[in-house]
1. Among residues belonging to region 283-306 that are assigned to a loop (DSSP other than H, G, I, E, B), among the hydrophobic types (A, V, I, L, M, F, W, C) and free of Cβ contacts under 8 Å to residues at least 60 places away in the same chain, point out the one that is surrounded by the most Cβ atoms within 10 Å (Cβ to Cβ).
2. Got a number for residues in region 110-127 being touching a residue at least 60 places away in the same chain (Cβ under 8 Å) and either crowded, with 20+ Cβ neighbours inside 10 Å or basic (K, R) (or both)?
3. How about region 247-264: which of its residues are of a type outside the set (D, E, K, R) and either in contact with a Pro (Cβ under 6 Å, 6 or more places away or on another chain) or buried (at least 22 other Cβ atoms within 10 Å of the Cβ) (or both)?
4. Please find, among W209, W137, W124, the residue that is within 30 Å of D303 (Cα to Cα) and of a type in the set (F, W, Y).
5. Would you say E130 is more than 24 Å from G247 (Cα to Cα), of a type in the set (D, E, K, R) and within 20 Å of the chain's Cα centre (by Cα)?
6. May I ask you to list the residues in region 228-237 that are assigned to a helix (DSSP H, G or I) and surrounded by 15 or more Cβ atoms within 10 Å (Cβ to Cβ)?
7. Have a look at L333, L285, L298 and point out the one that is of a type outside the set (D, E, K, R), more than 26 Å from G114 (Cβ to Cβ) and touching a helix residue (DSSP H, G or I) at 6+ places or on another chain (Cβ under 7 Å).
8. Specify which of the listed residues (A136, A150, A158) is crowded, with 17+ Cβ neighbours inside 10 Å and without any contact (Cβ under 8 Å) to a residue 24 or more places away in the chain.
Amino acid sequence: MQAVELRLDPHFTLISGANGSGKTSLLEAVYVLGRGRSFRTRRLEHLIRRGASRFVAFGETQGSSGLVPLGVEGGPTGARARISGASAKSLAELALALPVQIIDPEVHKLIEEGPVRRRRFLDWGVFHVEPGFVEAWQNYQLVLRQRNAALKARQSRAAVGVWDRELIRHAESISASRAAYVDRLAAPAAALAAGLLGQSLVLRYRSGWGREQSLAEALEQSWPLDQERASTQVGPHRAELAVLLGGLVAKDRISRGQQKLLAATLLIAQLRLFPDDASVRPTLLLDDPAAELDQAHLTALIDAVSGQGCQLIVTTLQPEFNAFGSPGRRYHLHDGECRPL
């Protein structure tokens with residue numbers, strides 16, 4: 001497919017087609033508009049069609065004050081975004097303009113892999129309930145880069161320490177916001193896990209430095225290791241969302257299918273915390289939800305997703321898939337064409 005235009009239903013759109021027809025690529029385009037990156041690859045150049053020099057995704061969201069145009073252009077040197085005709089200061093701003101989440105066959109990686117994915121999941125949620133979080137997060141990243149640059153230049157402890165005060169200020173704000181969000185997320189996530197998995201779920205936030213220390217103390221203690229590795233070893237960029245199922249670390253004790261259900265549980269619970277007064281409702285992408293799930297678990301997942309009040313975009317192999325009710329719009333992919341049904 002060289003170019004595709006979709007008019008999505010505000011409630012439920014179904015996209016069908018055979019494996020390899022491009023269904024996931026369409027979801028990827030929506031995801032890129034809301035995140036500035038892909039859910040399948042870290043390298044944006046992999047999204048460029050062979051023979052082309054760049055990709056462009058454009059869409060419009062319906063906000064409280066009218067239509068909001070969004071655009072993301074990417075190439076080998078990176079991506080840039082525009083919101084309402086103006087250049088976005090950060091790709092993170094897209095998350096506020098088009099809040100989008102995805103449940104796909106690779107969703108288990110949220111549980112299986114390291115803390116980076118879980119921090120990203122956590123921050124997406126905090127973005128939408130703490131208005132000041134984006135600024136604190138961006139400022140922290142800026143100061144962290146400056147401090148790490150000083151470490152790489154092998155500067156003295158005093159020279160590196162110039163950045164510590166601002167680093168600590170933004171870090172404590174980020175950590176407090178994240179911890180409060182995890183406290184709110186814990187109850188709906190536990191209730192969903194009981195229904196989907198039949199087990200008790202506990203979420204714990206670990207700040208990225210010792211519980212019995214201040215960050216200032218942790219930075220001082222970490223100085224030799226910071227010097228050795230030429231990067232800051234403590235702080236919210238090293239935080240973790242611990243996911244415990246039945247009292248044990250989840251990824252060490254459950255199957256791939258259960259990891260998928262658990263990850264879906266966290267994502268759905270997150271949608272339940274989305275502010276009711278937000279100007280834009282969240283969009284949930286479901287890429288072939290029947291994959292890897294038996295009928296009982298698929299039914300439970302559908303029940304959990306239904307009634308979330310979000311825009312739903314679902315891909316399936318078959319044109320008929322009414323598990324989530326009757327779609328407002330249907331599209332079918334065949335031979336490189338996307339046709340409305």
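1. L293
2. 6
3. A250, L261, L262, A263, A264
4. W124
5. yes
6. The answer is P236, H237.
7. From the options L333, L285, L298, the qualifying one is L333.
8. It is A150.
The values are calculated or read from the model by the stated rules, or taken from the named source; none is laboratory data. Computed from a predicted structure; not experimentally measured. Virtual Cβ from ideal backbone geometry, glycine too; neighbours counted across all protein chains shown.
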